[in-house]
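Colleague: Here it is, the structure, as structure tokens.
The values are calculated or read from the model by the stated rules, or taken from the named source; none is laboratory data. All figures in this text were calculated on a predicted structure; none of them were measured in a lab. Reconstructed Cβ throughout: ideal geometry from the backbone, glycine too, with neighbour counts over all protein chains shown. In case anyone asks, the SASA skips ligands and DNA or RNA and just uses the protein heavy atoms, side chains included. Shrake-Rupley method; radii C 1.70, N 1.55, O 1.52, S 1.80 Å.
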Amino acid sequence: MTDRIEAAAAELRPLLQEFILWARENAPGSDSNLVGSVALWHRLIASDDVGRWRTSDLRTVLLERMPKVVEDPEAAAEGLVPAVRAYLAYLSDTARLSAGSSPLKEMLAELDEIEDDVVDAMEDLLAEDGEDAEEYDEEEFEGLGDFEPFADRLAALPTIRLRPDAELAAAARRSVLIAKARDLAVWVGTERRVGEEDLLTDAEIAEALAVLGFPAPEAVEGRLADAVPALWNVWNLAIDLDFLQPEGEDTVSVDPDTADWPFEEDDDVLDAWLAGLHSIDYGDPELDDEDATIALSGLTRALLVRVLLATGSKSLGELRTELAEAAAEYDDLGAEAWDAATAQYGDPLNPVLDWLSGYGMVEVEHDQVRLTPLGMEGLVHLVDEADIELDARPAIDAMTALDLLAFSAELPEVEADAEFAAWMELREPARAAEELLAAAAEDDADALVRVQAASVVGSLGEVAVPAWRRALDEPSLHPYAATHLAQLGVEDVPAPTQADTHWLILDMLTISAGLGRPEFVSSLDDIGPTSMLVGLLDVIWKVPHPHLEELLETISKTHPDRQVGKAAKRALFKARSGDN
């Protein structure tokens, strides 16, 4: 689900950025955070088309989903319905409501109808939060496996370097547990009947244990199903991985692709591995006493976060001491449960390390527990899911030029310069120039990546001339190539044109528009006096820039000078009509 959320959020980001600009003029005060959450969940549970809204979607998203996911019920009670009204009006006003959508008038009427219900739902959440606050007013509850108590220390860790997907996928293919989950699922086969209380009969359990290479219990008091937790952990992992899927009531079948594991494509391998990542919780000790089992719930995560805080490696003895103390601190039965786990497993950490090793996340050598690159990748995902800040980046030697440009765009200038310098040390300057400009050409709508790449390549001097020559054939890079080649005094190349200069201006305006209205207006003022800006608008509409129309529309709505606003509207009309 996390991958789906990330993909949907990335898909929605440009649309929501445009809504924010629209709302400043047309619906000031609209809570963009609430709009973003509503749009995201509409995309995930109601419609694959972000522009197709039906009246029924409003109840589904606002009354069924939002009360489960909203972070600030008080703000939602006051602003959720107005924010959705504004968003629907924006979609309609900008012709982004897709075919098949309900009429806007009907949807606005439905919002009026359910507004009181939305407010009531949010007030119920506030009441529940109040009760929780009273219950835990002296001390906030924390579980053994919670990452939140370590948030500050995690944020202070040095940069974590992640290995490339090809290496991670190769490691995931070697996962012993995933191979066992595959074997179990293949054994299950098609349309195997399962019972309501016991998933399998005793005879089937014996067969399944043999398939997995697990020993059968020697003497069992009670049901055999209760004596084979290791089997059910692998069974649950197979479900997590989608190797096993329900086929109607009391029936389960193997997914047709399961037998192909390990999959050929790296992306498919990593998607499967991440789908089963939460199986780490199956590594927690399972004891005869249910309360004792609960007391040690989260032990696997507790070990992982402590190894991470030790920058990826920590002695088993230190971990055992710290975790025994933590178990006793977090639960009144913690110390007793630790003793019970010691009696059952020899060491409470044995099942934890067995599972993590089997899933490819840790290695134990000479009494030292070390996170593998795959384990580091998985733990970064888990920390991110907990909404805790962590500085994780691709390893320098594994960074593509596009990775470098994308990550550096989010960094302070000093850190970005350090990343570029480290990356450049690993390749010849001429090759670096080729890679950076090729990355910049991948998406002509990404002005920031283009400007960054041109800046770095421009600093390389004459060694970058061959790369600049080739960039002349890329429309989005031609203005930069022509400008830099002219600055280097290279002959037999076209001189920069006025259209090239205008493209460069539009790139800079695109970047400043993303920084907010004050920065955008300031960048317009930097062009020159009003007369110069109006003159520019009278000709710049001819440039085939991917952000031209949205920039002209933004200028018409945000610039304080009415003369500039009118010129921007004229230019926008010409650009849309294709006037020459």
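Colleague: Can you pull out the trypsin sites (Lys or Arg not before Pro) in the stretch 190-254 whose DSSP state is coil and whose Cβ has at most 13 other Cβ atoms within 10 Å? Walk me through the intermediate numbers first.
Modeller: Working: sites: R192, R193, R223; in loops: R223.
For trypsin sites (Lys or Arg not before Pro) across the stretch 190-254 that sit outside H, G, I, E and B with at most 13 neighbouring Cβ atoms in 10 Å, the list reads R223.
Colleague: What number does the stretch 19-136 give for Rg over Rh if you use C-alpha atoms and the Kirkwood radius? Walk me through the numbers before you get to the answer.
Modeller: Working: Rg = 14.5 Å, Rh = 14.6 Å.
Result for the stretch 19-136 is an Rg/Rh of 0.99.
Colleague: Still on this model: Add +1 for every Lys or Arg and -1 for every Asp or Glu among the other residues with Cβ under 9 Å from the Cβ of D242, and state the total.
Modeller: On the way: positive: none; negative: D240, D255, D257.
Net charge in that neighbourhood comes out at -3.
Colleague: Kindly work out what percent of the DSSP beta bridges joining two residues of the chain are antiparallel, to the nearest 5. Spell out each step's value before the answer.
Modeller: Details: 12 of 15 bridges.
Expressed as a percentage, antiparallel bridges in the chain total about 80.
Colleague: Which net charge results when you count Lys and Arg as +1 and Asp and Glu as -1 among the other residues whose beta-carbon is under 15 Å from that of D417?
Modeller: My count for the surroundings of D417 gives -4.
Colleague: Would you compute the Debye intensity of the stretch 379-458 from its alpha-carbon atoms alone, equal scatterers and no solvent, and pass along log10 I(q)/I(0) at q = 0.12, 0.18, 0.19, 0.24 Å⁻¹ to two decimals?
Modeller: Ignoring solvent entirely, the Cα scatterers give -0.37, -0.75, -0.82, -1.14.
Colleague: Same structure again: Place a point 7 Å from the Cα of K574 along the Cα-to-Cβ direction; which residues of the stretch 516-539 have their backbone N under 16 Å from it?
Modeller: 531-539
Colleague: Still on this model: Pairs of alpha-carbon atoms within less than 8 angstrom and 6+ residues apart define the contacts here; what relative contact order does the chain have, in percent?
Modeller: 10
Colleague: A follow-up question, please. Write down, largest first, the equivalent ellipsoid semi-axes of the stretch 236-312 in whole Å, where each equals the square root of 5 times an eigenvalue of the alpha-carbon gyration tensor. Don't skip to the answer; put the middle values down first.
Modeller: Values: eigenvalues 167, 91, 10 Å².
Semi-axes from the Cα gyration tensor: 29, 21, 7 Å.
Colleague: Follow-up question, since we're still on this one. Taking the Cβ of L168 as the center, what net charge do the other residues with Cβ under 9 Å away carry, scoring Lys and Arg +1 and Asp and Glu -1?
Modeller: Values: positive: R163; negative: D165, E167, D266, E377.
Net charge in that neighbourhood comes out at -3.
Colleague: A further question on this structure: What nm distance separates the two modelled labels at E64 and D289, each placed 7 Å from Cα along Cα→Cβ?
Modeller: In this crude label model, E64 to D289 measures out at 4.4 nm.
Colleague: Over the heavy atoms of S531, what accessible area does a 1.4 Å probe trace out, to the nearest 10 Å²?
Modeller: Ignoring ligands and nucleic acids, S531 comes out at about 90 Å².
Colleague: For the stretch 135-244, rounded, prolate or oblate, judged on the Cα gyration tensor with a ≥ b ≥ c (square roots of eigenvalues), a/c < 1.5 rounded, else prolate if a/b > b/c?
Modeller: Numbers: a/c = 2.80, a/b = 1.50, b/c = 1.87.
Note, shape of the stretch 135-244 comes out oblate.
Colleague: Whenever you get a sec, line up L199, L91 from highest to lowest accessible area (probe 1.4 Å, protein heavy atoms). Kindly include the intermediate steps, with their values, before the conclusion.
Modeller: Values: L199 60, L91 0 Å².
Most to least solvent-accessible, the answer reads L199, L91.
Colleague: Counting only the heavy atoms of the protein chains, how much of H547 is accessible to a 1.4 Å probe, in Å² to the nearest 10?
Modeller: Rounded to the nearest 10, that gives 30 Å².
Colleague: Moving to a separate point now. Count the lysine pairs in the chain whose Cα atoms sit under 25 Å apart, keeping only pairs 8 or more residues apart in sequence or on different chains.
Modeller: Working: K542/K557; K542/K566; K542/K569; K542/K574; K557/K566; K557/K569; K557/K574; K566/K574.
Close lysine pairs under the 25 Å cut-off: 8.
Colleague: For L162, what residues show an amide H to amide H distance below 5 Å, using hydrogens built from the backbone and excluding near sequence neighbours?
Modeller: For L162, the qualifying residues are R393, A395.
Colleague: For D473, put the label point 7 Å out on the Cα→Cβ axis and report which residues of the stretch 397-431 keep their amide N under 18 Å from it.
Modeller: 431
Colleague: While we're looking at this one, here's another question. What is the projected area of the convex hull of the Cα atoms of the stretch 286-373, averaged over all directions, in nm²?
Modeller: Details: hull surface 21.2 nm².
Orientation-averaged projected area of the Cα hull: 5.3 nm².
Colleague: Hey, another quick one. For the stretch 257-356, what % of the accessible area comes from carbon and sulfur atoms, probe 1.4 Å? List each step's numbers first, then the result.
Modeller: Working: 1850 of 4380 Å².
Within the stretch 257-356, the accessible surface is 42 percent carbon and sulfur.
Colleague: Quick one: what are the phi-derived ³J(HN,Hα) couplings along the stretch 375-381, Karplus 6.51/-1.76/1.60 with θ = phi - 60°, whole Hz, x for glycine and proline?
Modeller: x, 5, 4, x, 5, 4, 5
Colleague: Just need the relative contact order of the stretch 399-486 here, percent rounded to a whole number, with Cα pairs under 8 Å and 6+ apart. Intermediate values should be presented prior to the final figure.
Modeller: On the way: 74 pairs, mean separation 23.8, N = 88.
Value for the stretch 399-486: 27 percent.
Colleague: Where Rh is the Kirkwood radius over the Cα pairs of the stretch 432-580, the temperature 37 °C and the viscosity 0.692 mPa s, what D in µm²/s does Stokes-Einstein return?
Modeller: Working: Rh = 16.0 Å.
Estimated diffusion coefficient is 205 µm²/s.
Colleague: Sorted from largest down, give the three principal axis spans of the alpha carbons of the stretch 182-240, whole angstrom values.
Modeller: Computed over the stretch 182-240, the largest-to-smallest principal extents equal 31, 25, 19 Å.
Colleague: Calculate the dipole size of the chain relative to its Cα centre from +1 charges on Lys and Arg beta carbons and -1 charges on Asp and Glu beta carbons; express the result in debye to the nearest 20. Walk me through the numbers before you get to the answer.
Modeller: Details: 42 positive and 123 negative charges, 851 e Å.
Here the size comes out at about 4080 debye.
Colleague: Mind listing the long-range amide H neighbours of R54? Cut-off is under 5 Å, sequence gap 5 or more, other chains count too, H placed in the peptide plane at 1.01 Å from N.
Modeller: S102
Colleague: So, one more: For a quick check: with amide H placed at 1.01 Å from N, whose amide H comes under 5 Å from S315's, ignoring anything fewer than 5 positions away on the same chain?
Modeller: Those lying under 5 Å, H to H, from S315 are V369.
Colleague: Next up: In deg cm²/dmol and to the nearest 500, what is the mean residue ellipticity at 222 nm of the chain if only DSSP H runs of at least 4 residues count, each as -39500 (n - 2.57), divided by the residue total? Kindly include the intermediate steps, with their values, before the conclusion.
Modeller: Working: 29 runs with 354 residues, N = 580.
Value at 222 nm, helices only: -19000 deg cm²/dmol.
Colleague: Accessible surface of E434 in the full protein assembly, 1.4 angstrom probe, to the nearest 10 Å²?
Modeller: Accessible surface of E434 is approximately 60 Å².
Colleague: Determine Rg/Rh for the chain; Rg is computed over alpha-carbon atoms and Rh is the Kirkwood hydrodynamic estimate from the same atoms. Display every interim value, and only then the final one.
Modeller: Details: Rg = 29.2 Å, Rh = 28.4 Å.
Looking at the chain, the ratio lands at 1.03.
Colleague: Could I ask something else about it? For the stretch 472-551, which GluC sites (Glu not before Pro) pass both filters: DSSP loop (anything but H, G, I, E, B) and at most 11 other C-beta atoms within 10 Å?
Modeller: Those that pass, being in a loop and sparsely packed, are E491.
Colleague: Rounded to whole Hz and in sequence order, give me ³J(HN,Hα) for the stretch 96-102 from the Karplus expression 6.51 cos²θ - 1.76 cosθ + 1.60, θ = phi - 60°, writing x for Gly and Pro.
Modeller: 9, 6, 6, 4, x, 6, 5
Colleague: Here is a further query. Over the chain, average the accessible area per residue using a 1.4 Å probe and give it in Å², no decimals.
Modeller: Values: 29190 Å² over 580 residues.
Each residue of the chain exposes 50 Å² on average to a 1.4 Å probe.
Colleague: Still on this structure: How long is the stretch 245-394 along each principal axis, judged by its Cα atoms, biggest number first, in Å?
Modeller: Over the stretch 245-394, Cα extents along the principal axes are 46, 44, 32 Å.
Colleague: Among the GluC sites (Glu not before Pro) within the stretch 225-303, which fall in a DSSP loop and have no more than 15 other Cβ atoms within 10 Å of their own Cβ? Numbers along the way, then the final one.
Modeller: On the way: sites: E247, E249, E264, E265, E286, E290; in loops: E247, E249, E264, E265, E286.
Counting only loop positions with at most 15 other Cβ atoms within 10 Å, the GluC sites (Glu not before Pro) in the stretch 225-303 are E247, E249, E264, E265.
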